[in-house]
Amino acid sequence: MLLLTGASGLLGEAVLRRLLARGVPVRCLVRDPRRLGSHRVRVQLAIGDLADPAGWRNALRGVDTVVHLAGGARDQPRATVEELNGLAAWRLLRAAERVGARHFLWLTPLGAAPTHPMRLHRAKALAGAAVAAAPIPTTTVAHSLLYSPGDRHLRWLERLGLLPAVPLVGRGGARTQPLWAEDAADCVLALLDAPPDGHARVELAGPEIVTQREFVRLVLRAAGRRRRTVPVPLAALRAGLRGEEALAGPTALVTWDEAQLLSVDMLSARGTADAEALGVRPRRLAAVLGSG
Ligand SMILES: NC(=O)c1ccc[n+]([C@@H]2O[C@H](COP(=O)([O-])OP(=O)(O)OC[C@H]3O[C@@H](n4cnc5c(N)ncnc54)[C@H](OP(=O)(O)O)[C@@H]3O)[C@@H](O)[C@H]2O)c1
């Protein structure tokens, strides 16, 4: 049995679709099964929350592979960013060890380090140290920006495109190698086909390096809009978004931690080499967005 977390997310849904097409028995750890759409009748459901490890016992019964894709860049009422992305990964790994799982695959953003400016990256780096020393085989998938037409981030940019000018996070110079979630999912499936003996780490990145400014322009062009972009200094953005969070609480449209994701580089010096070694040739942004 394979346990999948984050099956309702951008990458998780693409991975789940592929596993089901292959007839792999899947159990999904989900907070709300409705978030799985029609997939929910084709999987075993384990209702649970990353914030509540006591509730994972049934989820792990009989599991030999754990694919841990859940996480989040904003604090939740029951868990902080650190608990969701660091502590939960560490606890799930320990739980996988206890049931004798033979493969633990998880996600971490490229550049994650204990001194990174982002809380999410720091938390992932700490969990990464535990994963790399685990007594069971593990695969760490270090990824650049993951996207898909219609995902939450792109929908948000398209909405900003209704304004006369689109605000950037800082000067918009942060560089990523955007990778289509469908290409990333193909890579994950290839990694599941060949579990490592020890600890494997792959870097998944798309075929081009783009700044945040270029990414915004490409997304807007695909949506049929040409707009000016305006840099917003990070200090001003932080003050504004922290104020919005204080007023709106969990219903805030965007949090500072989420916006900050767009201000950091997520780059692999290996480019698409690891994806290609898995038999996947990542597609260019313009081809995926239909603007090229
Ligand atoms: N996309 C990127 O470029 C990017 C960049 C940096 C880091 N990451 C990290 O990569 C991972 C997956 O990325 P993604 O883009 O697929 O994210 P996503 O689309 O936001 O999906 C996140 C998934 O995690 C689940 N989840 C969130 N909080 C949970 C909780 N408390 N208990 C159980 N499940 C929970 C969500 O379930 P619900 O449906 O219940 O919300 C959803 O299935 C996450 O760790 C994310 O933080 C992604």
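The values are calculated or read from the model by the stated rules, or taken from the named source; none is laboratory data. Small disclaimer: the values here were computed from a predicted structure and weren't measured. We place every Cβ from the backbone using ideal geometry, glycine too, and count neighbours over all the protein chains shown. Side chains are part of the model used for accessible areas, which takes the heavy atoms of the whole protein and leaves out ligands, DNA and RNA. Shrake-Rupley method; radii C 1.70, N 1.55, O 1.52, S 1.80 Å.
Details
- Here GLY48, GLY62, GLY86 are screened, and the one residue that is over 16 Å from the mean Cα position of the chain (by Cα) and more than 18 Å from LEU16 (Cβ to Cβ) is GLY62.
- Residues that are in a strand (DSSP E or B) and either over 14 Å from TRP106 (Cα atoms) or within 7 Å of the ligand (Cβ to nearest atom) (or both) were ranked within region 136-148; the one that is least open to solvent (accessible area, probe 1.4 Å) is TYR147.
- Matching residues, region 235-252, being of a type outside the set (Gly, Ala, Ser), surrounded by 10 or more Cβ atoms within 10 Å (Cβ to Cβ) and over 18 Å from ALA165 (Cβ atoms): ARG238, LEU241, ARG242, GLU244, GLU245, PRO250
- Candidates PRO77, PRO117 - the one that is modelled with pLDDT under 95, open to solvent by 50 Å² or more (accessible area, probe 1.4 Å) and either within 13 Å of the ligand (Cβ to nearest atom) or closer than 24 Å to SER148 by Cα (or both): PRO77
- For region 183-218, a tally of residues being open to solvent by 20 Å² or more (accessible area, probe 1.4 Å), of a type in the set (A, V, I, L, M) and part of a helix (DSSP H, G or I) returns 3.
- Failed item in (1) over 20 Å from ALA190 (Cα atoms); (2) more than 12 Å from the ligand (Cβ to nearest atom); (3) under 19 Å from the mean Cα position of the chain (by Cα), with ASP151 passing the rest: (2)
- The residues in region 253-292 that are open to solvent by less than 20 Å² (accessible area, probe 1.4 Å) and acidic (Asp, Glu) can be counted, and the count is 1.
- First in region 254-272 and closer than 16 Å to ARG122 by Cα and of a type in the set (Ser, Thr, Tyr), second anywhere and open to solvent by less than 10 Å² (accessible area, probe 1.4 Å) and within 11 Å of the ligand (Cβ to nearest atom), Cβ under 9 Å, 6 or more apart: SER263/MET118
- Within region 61-74, considering residues that are surrounded by fewer than 18 Cβ atoms within 10 Å (Cβ to Cβ) and more than 11 Å from the ligand (Cβ to nearest atom), the one nearest to PRO250 (Cα to Cα): ARG61
- Scanning region 24-78 for residues that are over 22 Å from LEU10 (Cβ atoms), touching a Gly at 6+ places or on another chain (Cβ under 8 Å) and part of a loop (DSSP other than H, G, I, E, B) turns up just one, ASP64.
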